[in-house]
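Worksheet: the structure to be examined is printed underneath.
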Amino acid sequence: MTSIQIDAAGPSKPFKRFWRASGFSPGELLLTPEMRATLAIVSGAPGHGVEFLRPHFMLELVRASRHGQRITYDWTLLDKAMDTMVEFGFRPFFEIMGNPSGVFTCFTEKDDILLWRDFVTALVERFVSRYGAEEVKKWYFETWNEPDLPWWQHGERGFLNYYDACVAGIDAVDPGLRIGGPGTARTMSDMFKAFIAHCDSGVSAVSGDGPPRLDFISIHEKGVQQHLEELTPDSLGICQREMLAVEHIRQHHPRLAHVPIVNNECDPQVGWRDTHSWNATSYVAALMARIIDQHQKLMVDDAGVDYELLANDNGFIGTWGHRTQLAYFGSKVYTKAQHEFVTDQSALGTEPVESRFSMVKKPSQAVMDMMGLLGEERLAYSPVGDRLGVIPTRHSDGRIAILLYNSVDRIRASGEEAVHLDLALPPGQYSYALHALSGDLAFGAWESMGAPAEPSDEQLARLRVLGEPLAMGGGRADGRLQLDLILELPSVHLLLIAPKSGAPTRPEVRFAEECRGLNGHRQVILGWAPAEGFARYSLAKATSPAGPFTPVSSHILAHVAQVDVPDDGCTIVITAESLDGQRSQETWQALPISSIKR
Ligand code: 8U8
């Protein structure tokens, strides 16, 4: 039995919710209905649980034609891809990556360097005019992904010139926009060291002045090498290797010692395309929570690192075993992404053939939903040993959210831990609710169904319910809350505690993303405005506004849900329920499909 004491009435430390990001490749996926559906679902993580998206090769979407030193650009496809991210409330972590129609040839030639600078200026001016200067200031700009791997083809000097051109191009629009790099793949690679040295004391190849500015330093460290076998990720190793970079900077480039650090590909394992069935179970959710917590403890608390952002590169489209947030059921095979990748621009922008597909939320997204509810203050707690982790947080309005995980660096480990949680609360009346991810969840249910390649609509509806964190009950508390819990290995639990408040705000519908489900039937992904306090949502539908209503799902933390809808329409009721049972409702009418076809 482990006893955990948390003083939720006591002092707290600021908690930078630095993990709210994801990535994928290639950017052209954003032009497909499958990626729109993915973003619609991911956008429902509460508390802006996934705020930043980092797609590769976005600039492959720009069409260019070059006549000597004159280049003209057609931005149509890039605009559409950017709009898709922004429409669903995401902010780009914009990699300046890709070669518009292949017109840039050499970044060791001054001409191309200056043309690239001008291109970056035109690009960023376009973003500012389309999305507003204040919004673009909240984005990040980054260099080419992993320039220490073969997808960068212009050598070390070429990369430094490239960075200088990017910085000069951005500065010409607004020196207040954030830019950094190098996003290197290999621990302490020569490219990493050369880049840092250049930003410390080099000379800009564009301006001839001192070193280019550097607003953040990004590197990639993952848990274990790419392999088809089930290699066990070494979670601690990620922080240890990141610390080598931090120590190097502190020792050799003290001028840059306070630049924020980013690991924007912090995945359990290299190889998004490889299939490991643990990607579909709560093992991965617990591991993600553990890796994030290790960063907080070892890098932020112990080493004083200004840790800016951590991202799992799991926004790809794939199946249960892939490193993705959703399981995709459909006939397309997604293989394009990395070094073999060049966009065939002639194939883009044509009317999409109607795609039939369905998506089921996996634990890597469910845990992002849970973590999105954590507050911006971190509370103190009593030590808990090695496998258990606690992230106790408080919101500025007094709500408390505590994440508990049980995770070890061993894929096949199982067991359980009895925990006695003893929480001191500020005076007042509280309600609480507990949610959990443990076991094999939707994947386990799919296996029990006989692992159908094409589940029926009913089966998919069941899997979607099981994709959400399970509601484990709740109750009331007054001054002190004591709970006895069994935390399975692996598992993640989220305890939400809220003081008395009014009814939740109305879950007003924000978007309804139409798609053709796997079986050819209509599906709508419905997103609504999140309630201000903690709320859980339920959906019910009926063929006529008068009912009778059938429940679709209940107690979901996210503010998005997928619903099967008949072609001739139906009525959907979304209920937001506070932890103490107060409700507010929104009715949404799915129109007959004939009236919404463009
Ligand atoms: C360390 C390393 C060696 C290598 O040969 O190839 C790599 C490729 C390595 C690290 C990362 C890498 O590609 C990145 O990681 C991918 C992955 O599948 O894990 C993708 O997630 C990324 O898009 C890519 O940048």
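Bear in mind these aren't lab numbers, they're just calculated from the coordinates by the rules spelled out. Quick caveat: nothing in here was measured; it's all calculated off a predicted structure. Cβ atoms come from the backbone with ideal geometry, glycine included; neighbour counts cover every protein chain shown.
So what's the projected area for the chain, the Cα convex hull averaged over all directions, in nm²?
Numbers: hull surface 105.6 nm².
Projected area, direction-averaged: 26.4 nm².
Mean residue ellipticity at 222 nm from the helices of the chain, using -39,500 (n - 2.57) per DSSP H segment of n ≥ 4 over the full residue count, to the nearest 500 deg cm²/dmol? Could the numbers behind the result be given before it?
Working: 12 runs with 139 residues, N = 598.
That comes out to -7000 deg cm²/dmol.
Pop the C-beta distance of A424 and R510 into the FRET formula with R0 = 45 Å and round what comes out to the nearest 0.05.
Numbers: r = 38 Å, r/R0 = 0.85.
Efficiency at R0 = 45 Å is approximately 0.75.
Can you tell me what share of the DSSP beta bridges in the stretch 213-360 is antiparallel? A percent to the nearest 5 is fine. Could you put the intermediate results ahead of the total?
Details: 4 of 11 bridges.
Just about 35 percent of them are antiparallel.
Which residues does the label zone of M472 cover in the stretch 555-598, counting backbone N under 17 Å from a point 7 Å along Cα→Cβ?
Only 555-557 fall inside the zone, counting backbone N under 17 Å.
Using the alpha-carbon centroid of each, what span in Å lies between the stretch 1-38 and the stretch 109-176?
Cα centres, the stretch 1-38 to the stretch 109-176: 27 Å.
Of all trypsin sites (Lys or Arg not before Pro) in the stretch 242-299, which ones are in loop regions per DSSP and have a Cβ with at most 15 other Cβ atoms within 10 Å?
On the way: sites: R250, R255, R273, R290, K297; in loops: R273.
Counting only loop positions with at most 15 other Cβ atoms within 10 Å, the trypsin sites (Lys or Arg not before Pro) in the stretch 242-299 are R273.
Taking the Cα centre as origin and putting +1 on Lys and Arg beta-carbons and -1 on Asp and Glu beta-carbons, what dipole magnitude results for the chain, to the nearest 20 debye? Please list the in-between numbers first.
Numbers: 55 positive and 75 negative charges, 149 e Å.
Here the chain has a charge dipole of around 720 debye.
Work out Dmax and Rg for the stretch 59-174 from the C-alpha atoms and quote the Rg first, both in angstrom.
Expressed in Å, the Cα Rg and Dmax of the stretch 59-174 come to 13.9, 40.
Using only Cα atoms and rounding to the nearest 10 degrees, what angle (0 to 90) does helix 282-294 make with the longest principal axis of the chain?
Result, in degrees: 60.
Please sort 414-420, 3-9, 364-370 by packing, taking for each peptide the average over its residues of neighbouring beta carbons within 10 angstrom, highest first.
Working: 414-420: 13.9, 3-9: 17.4, 364-370: 27.0.
Highest-to-lowest ranking by the protection proxy: 364-370, 3-9, 414-420.
For the stretch 303-394, what ratio Rg/Rh do Cα atoms give with a Kirkwood hydrodynamic radius? Intermediate values should be presented prior to the final figure.
Values: Rg = 19.6 Å, Rh = 17.5 Å.
Reported Rg/Rh, Kirkwood definition of Rh: 1.12.
Run through the DSSP bridge list for the chain and note the antiparallel percent, rounded to the nearest 5. Provide the component values of the computation, followed by the final result.
Values: 88 of 118 bridges.
Antiparallel bridges make up about 75 percent of those DSSP assigns within the chain.
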